[in-house]
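Notes follow the structure.
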Amino acid sequence: MASLKELKGRITSVKSTQKITKAKQMVAAAKLRKAQAAAEAARPYSQRLESVVASLAAKVGVGGSPLLAGTGKDDVHLLVVANGDKGLAGAFNANIVKAALVKARELIAAGKTVKFFLIGRKGKAVIARTFPGLIIAQFDTTHVRAPGYDEAQAIAKQLTDLYEAGQFDVAHLFYSAFRSALAQIPTEQQIIPVKVPDTGVAASDATVEYEPDEEAILADLLPRNITIQIFKALLENMASEQGASMTAMDNATRNAGDLIKNLTIQYNRSRQAAITTELVEIIAGAEAL
């Protein structure tokens with residue numbers, strides 16, 4: 001049984017940890033409001049941009065750009081895994097990596113070649129251990145406080161360069177879609193070639209005239225669309241990370257409180273037992289005299 005001094009030290013240590021987790025919970029809650037607002041504001045724009053690209057593609061045809069038509073092959077798949085750089089966020093990073101690993105195993109089982117492009121550093125250890133040698137690039141986000149549009153643009157440029165160099169045929173983006181502080185959904189999205197949704201609008205039905213022509217506009221919008229989809233994923237990740245962190249720290253604070261109660265009960269019982277033993281010894285000594 002632990003001594004009274006050890007129990008008192010453990011109680012003090014757990015109380016200090018509880019203060020830290022409570023502070024981190026409050027910080028995450030404050031950051032969550034701003035991150036959630038940014039993620040929700042980006043969704044309509046990204047969806048509208050996709051619909052504009054779909055409308056133009058319906059008129060021009062997918063053969064007008066490699067980012068639409070693809071390489072003509074489906075052999076090499078690049079999995080772009082967007083993770084955070086910090087821990088203490090529950091299963092936020094693990095769930096994104098898990099979704100990417102499941103997809104990688106499915107592709108390998110189908111006879112495809114898989115490569116990884118990492119955003120952030122948290123998922124690297126697991127992916128490198130599970131699929132050694134398949135990480136071809138990593139975008140470092142530790143130098144920025146919060147990845148923004150400039151980082152999304154740099155990532156999109158790097159992916160486009162790899163695509164034009166023939167490093168892969170299809171790119172899939174993995175991130176965590178924010179639903180609430182309690183729910184973050186690991187999400188997969190094909191970003192190269194751009195997966196144009198079926199709008200049901202044929203080229204002959206289009207009545208909008210574009211200036212400059214559709215090909216020029218599409219050539220400008222396709223790289224921008226990739227950037228916007230990556231930017232949306234980064235914003236969703238930031239909101240999801242803060243939500244997961246707030247929930248994890250709240251659970252840690254509650255668990256610390258329960259542990260303090262149990263240790264306090266154990267301390268009081270040990271102290272009472274020690275007092276009772278001393279009294280018995282004193283009474284026994286007095287009777288012996």
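Here are the numbers for this structure:
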{"read-out": "Listed peptides 258-269, 179-190 by packing density, highest first (mean Cβ within 10 Å)", "value": "179-190, 258-269"}
{"read-out": "Relative contact order (%) - criterion: Cα under 8 Å, at least six apart; region: the range 130-289", "value": "27 percent"}
{"read-out": "Cα gyration tensor category, rounded, prolate or oblate, for the range 1-111 with a/c compared to 1.5", "value": "oblate"}
{"read-out": "Exposure proxy order (Cβ contacts within 10 Å, fewest to most) of I155, I275", "value": "I275, I155"}
{"read-out": "Relative contact order for the chain, counting Cα pairs under 8 Å that sit 6 or more residues apart, in percent", "value": "33 percent"}
{"read-out": "Sequence-distant aspartates and glutamates (8 or more away, or on other chains) whose Cα lies within less than 15 Å of K22", "value": "D250, D258"}
{"read-out": "Within-13-Å neighbourhood charge of H172 [Cβ basis; K, R +1; D, E -1]", "value": "0"}
{"read-out": "Hz values of 3J(HN,Hα) by residue in the range 237-249 - Karplus curve (6.51, -1.76, 1.60), Gly and Pro given as x", "value": "4, 4, 5, 5, 5, 5, x, 5, 5, 4, 5, 5, 5"}
{"read-out": "Per-residue ³J(HN,Hα) for the range 75-89, Karplus 6.51 cos²θ - 1.76 cosθ + 1.60, θ = phi - 60°, Hz, x for Gly and Pro", "value": "9, 10, 10, 9, 9, 8, 9, 9, 10, x, 10, 10, x, 6, 10"}
{"read-out": "Neighbour-count ranking [beta-carbon atoms within 10 angstrom, fewest first] of R254, R129, R121", "value": "R129, R254, R121"}
{"read-out": "Approximate spin-label separation A41-T130, in nm, with each point projected 7 Å along Cα-to-Cβ", "value": "3.5 nm"}
{"read-out": "Whole-percent pair-distance distribution, where bins are 10 Å wide, for the alpha carbons of the chain", "value": "6, 22, 24, 18, 11, 7, 5, 4, 2, 1, 0, 0"}
{"read-out": "Interchain or long-range residues, amide H under 5 Å from L79's placed H", "value": "K115, F116, F117, H172"}
{"read-out": "Relative packing of peptides 277-284, 83-90, 4-11 - highest average C-beta neighbours within 10 Å first", "value": "83-90, 4-11, 277-284"}
{"read-out": "Listed pairs K24/K115; K122/K195; K86/K232; K73/K122; K8/K31 exceeding 25 Å between Cα atoms", "value": "K24/K115; K122/K195; K73/K122; K8/K31"}
{"read-out": "Hits among aspartates and glutamates - C-alpha to C-alpha of K157 under 17 Å, sequence gap 8 or more where chains match", "value": "D140, D169, D220"}
{"read-out": "Cut-off 12 Å between beta-carbons: net charge of the residues surrounding E106, Lys and Arg +1, Asp and Glu -1", "value": "+2"}
{"read-out": "In sequence order, calculated HN-Hα J values of the range 157-170 (Karplus, 6.51, -1.76, 1.60; Hz; x Gly/Pro)", "value": "5, 5, 5, 5, 5, 5, 5, 5, 7, x, 6, 7, 9, 9"}
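Here, each number is a calculation from the coordinates, and none is a lab measurement. Everything quoted here is computed from the prediction, not taken from an experiment. Neighbour counts are summed over all protein chains in view; Cβ atoms, including those assigned to glycine, are modelled from backbone coordinates with ideal geometry.
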